[in-house]
Each structure stands twice: as structure tokens, then as C-alpha cells.
Amino acid sequence: MIETLRVLEEIQRIDLEIKSLGEEEKEYLGRMEALGAELERAGKAAGALEEELSGMKEQLRGIEERIRESAERITKDEGRLNSVKNDRELNAITKEINGANKSRKQAEQEKAALMTKVQDKEAALAVRKEELRARQEEFDGLAGELESRKDGWRSAEEEKLKSRDAKKAPVRPDIMRKYEMIRSKRGGLGLVLVKDEICQGCFTHIPPQIFIMLKKGTEEIHSCPHCHRLLYAELPQAELEAV
Ligand SMILES: [Zn+2]
């Protein structure tokens, strides 16, 4: 059984390597997913700013129209001043000019205030767009890296599966099945070392008699009573060399 355990240990090492290849890929995908969500958020924020800006610009056009109308009115009234017939008419025209001047001034003030707001929004939008560009670049970089590493992972995995297959012959099929089943349920670890009567998979005590048998290298495969992983004990160096 010591040989079985030794082979299983090698197989498990390969299985763990294959698992970590998959985890590397998952990590990339996870980072890309998070970045994708960030991109979407930043995109929406930029879109909202753009909408606000276009509303403000529309408002600005309205104000400019009012300024233009007031100026037109003033020019027209000033022209009428040349052909004024009496004081009453002069007063009426002057009153109108004053009114137009007043509303032009007011519109110009509104325009200046709105322009400041527009500039602030434009600056905020520029920051958002830069953020968006940087995130997109990061995302594209990751996607490219993932793509270029995929082939390497696939061929490494194939290689490892091949050497795993080549190794498993000495292990009895029922033991192999048990190892596989526990491995799939227990985070990739189907076989664990027992050190000082403690299972290194779940860190609980195992019965001393099992530990003694493991040390002796019995014909039987033992499982941890708590986590059910297959167990092996570290043999003294001299014994290992004798096997
Ligand atoms: Zn255990």
C-alpha cells in the first residue's frame, strides 16, 4: 500500500497543478468581470453627464436667443428715436429701450453663470472619459493576456493529464474512485498527511491505532474519521529508501 500512497501523492500533486491552472484562468475572468462592471458604471456616469450637458447647452441657446432679441429691439428703438414727434413718444421709446437693456443685462448674467456650470460639467466629463479610457485599456490588456495564455494553459493541462494517466496504473480502481470522490468534495485534496496523529486536511486528531498502522505501512487504506480523506504518514527516511 505504501506504493499506492506514493503514487496517489504524485497524482494529487499533478491534480493540484491542474487545479491551479484553472484557478489562474478563473482569476483573469474574475478580474475582467469586475472591470467590465466598472466600465459599465463609468459609461453610465459619463452618459448621464453628457445628457446634463446637452440640457444646459439647450438652455444656453435659449438665453442667447433672448440676448439677440433684446439687442434687436434696442437697435430698432434707437432708430425710432430719430423720428420722434413729441415727448410722450420719446418717453415711451426710452422706457422700452431701458426695459430691453435690462432684460439683455439679466440674460447676459444668466449666460455667464450657466457657462461656468457648463465648464465645470465639461471638466467632470473629461475626467470620466479619461477614467473610462484607462479602464477600457486595462480591460483590453487583460483580455489579450488571457487569450495569449490560454494555449499555454491548455497544453500544460494536457501534458499533466497524460503523465497522470501514465502514473495511475498501480492504484486499484476502487481506491482511485474513492480518492476522486473525496477530492471533488474536499477542495481538491483527497489524500493528506497525518503528522503527530493530526490529519493535515482537517486538523483533527485521528485514533492512535490508525496512526500506528499508517506508520507501519499496512495493507489497508485508512481514511480520516472526520473529513474522510485518505491518509498517509510520513515514514522515516531509512524506511522510504528501503521501499
Ligand atoms: Zn481529516
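Derivation of every value follows stated rules applied to the coordinates shown; laboratory data play no part. Please read all numbers here as calculations on a predicted model, not as lab measurements. Heads up, the Cβs are rebuilt from the backbone with ideal geometry, glycines too, and the neighbour counts pull from every protein chain shown.
Within the chain, the selection of entire DSSP H helices by a Cα span of 30 Å or greater along the long axis and an average Kyte-Doolittle value of at least -1.0 returns 2-81. Taking 164, 104, 183 in turn, the Gaussian network model of the chain (Cα-Cα springs below 10 Å) assigns the largest fluctuation to 104. When the chain is described by a simple charge dipole with +1 on each Lys and Arg Cβ and -1 on each Asp and Glu Cβ, the residue from 37, 179, 54 located farthest towards its positive end is 54.
For a test of the definition: using alpha carbon positions, the gyration tensor, and the 1.5 limit on a/c, classify the chain as rounded, prolate or oblate.
On the way: a/c = 8.03, a/b = 4.88, b/c = 1.64.
Judged from the Cα gyration tensor, the chain comes out prolate (a/c at least 1.5, a/b above b/c).
The fraction of all Cα pairs in the range 173-242 landing in successive 10 Å bins from 0 to the largest distance is 21, 51, 26, 2, given as whole percents. Placing unit charges on the Cβ atoms only, positive for Lys and Arg and negative for Asp and Glu, gives the range 18-167 a dipole magnitude near 740 debye about its Cα centre.
When the pairs 185/216; 26/129; 26/150; 195/215; 19/160; 19/150 are compared against a 19 Å limit on Cα-Cα distance, 185/216; 26/129 fall above it.
Quick one: net charge of residue 207's neighbours, Cβ under 14 Å, K/R +1, D/E -1?
Values: positive: 215; negative: 196, 197, 220.
Once all neighbours under 14 Å are counted, the net charge is -2.
Of the residues 203, 166, 124, the one whose Cα sits farthest towards the positive end of the charge dipole of the chain is 124 (charges of +1 on Lys and Arg Cβ, -1 on Asp and Glu Cβ, taken about the Cα centre).
In the chain, the DSSP beta bridges split such that about 50 percent are antiparallel, to the nearest 5.
Given 114, 134, 21, which one lies farthest toward the positive end of the charge dipole of the chain, if we put +1 on the Cβ of every Lys and Arg and -1 on the Cβ of every Asp and Glu? Most positive-ward Cα: 114.
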